[in-house]
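Participant: Shown below is the structure under consideration.
The values are calculated or read from the model by the stated rules, or taken from the named source; none is laboratory data. What you are looking at is a predicted structure, and each value in this text was computed from that prediction instead of being measured. Heads up, the Cβs are rebuilt from the backbone with ideal geometry, glycines too, and the neighbour counts pull from every protein chain shown. Please note that ligands, DNA and RNA were not included when accessible areas were found on the heavy atoms of the full protein model with its side chains. Shrake-Rupley method; radii C 1.70, N 1.55, O 1.52, S 1.80 Å.
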Amino acid sequence: GIDQGELTYRFPVVFPDEEEYRTADVSETSSAQSDILDFVFKLTLLIYLQIENLPLYIDELGRSFDPVHRQRVLQFVTDYVEMGKAPQVFWISHYLSNSTAWPNAEVCVVHSGNVEISRVYNQHVRIK
């Protein structure tokens, strides 16, 4: 509801397989859970509005994921692109595993001081 001009809606989160992880509001989830819920909300909005064939912009998704969950998200995005839902992915990340998930992808490194990289990059851009 709206109370004195402020939104007071609560969005409880329930994980069907694990009832003990119920939260009264999405703001009370862990940072990893918030990351995935934000991502899912973006995808849900794109699907609902029937927006396809636009690049998918992902900024630091999974920064608090463990390696297994990070790999699962990478696989999901790969599958999403292979289904034709997005022609390109702009993935902003500090993790080397994200840049190697797609071996034919072009990698742009804006500042190499705070990112792990072990392959050729910036072949398609010139940064001044």
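Participant: Checking the conditions here, which among Asn98, Asn114, Asn53 is at pLDDT below 85 and on the phi > 0 side of the Ramachandran plot?
Facilitator: Numbers: Asn98 fails: on the phi > 0 side of the Ramachandran plot; Asn114 fails: on the phi > 0 side of the Ramachandran plot.
Criteria check complete, one pass: Asn53.
Participant: Name the helices (runs of 4 or more DSSP H) wholly within the range 28-120 that hold at least 1 residues that are farther than 30 Å from Tyr9 by Cα and free of Cβ contacts under 8 Å to residues at least 60 places away in the same chain?
Facilitator: Filter on the range 28-120 gives 67-82, 96-99.
Participant: Please go through the range 7-27 and give me each residue that is surrounded by 12 or more Cβ atoms within 10 Å (Cβ to Cβ), in a helix (DSSP H, G or I) and free of Cβ contacts under 8 Å to residues at least 12 places away in the same chain, ordered by number.
Facilitator: Passing the criteria: only Tyr21.
Participant: Tell me which residues, restricted to the range 19-51, are among the charged types (D, E, K, R) and either over 22 Å from Ala101 (Cβ atoms) or in contact with a Pro (Cβ under 6 Å, 6 or more places away or on another chain) (or both).
Facilitator: Within the range 19-51, the subset among the charged types (D, E, K, R) is 19-20, 22, 25, 28, 35, 38, 42.
Across the range 19-51, the qualifying residues are Glu19, Glu20, Arg22, Asp25, Glu28.
Participant: Go through the range 28-51 and give me each residue that's open to solvent by 40 Å² or more (accessible area, probe 1.4 Å) and under 10 Å from the mean Cα position of the chain (by Cα).
Facilitator: Within the range 28-51, Ile36, Leu37, Asp38, Val40, Lys42 meet the criteria.
Participant: Further question on the same structure: Just one of Asp3, Asp38, Asp17 is modelled with pLDDT under 85 and closer than 30 Å to Lys85 by Cα; which is it?
Facilitator: Asp17
Participant: Moving to a separate point now. Does any residue of the range 64-73 turn out to be of a type in the set (Phe, Trp, Tyr), open to solvent by less than 100 Å² (accessible area, probe 1.4 Å) and at pLDDT 80 or above?
Facilitator: Yes, because at least one residue in the range 64-73 is of a type in the set (Phe, Trp, Tyr), open to solvent by less than 100 Å² (accessible area, probe 1.4 Å) and at pLDDT 80 or above.
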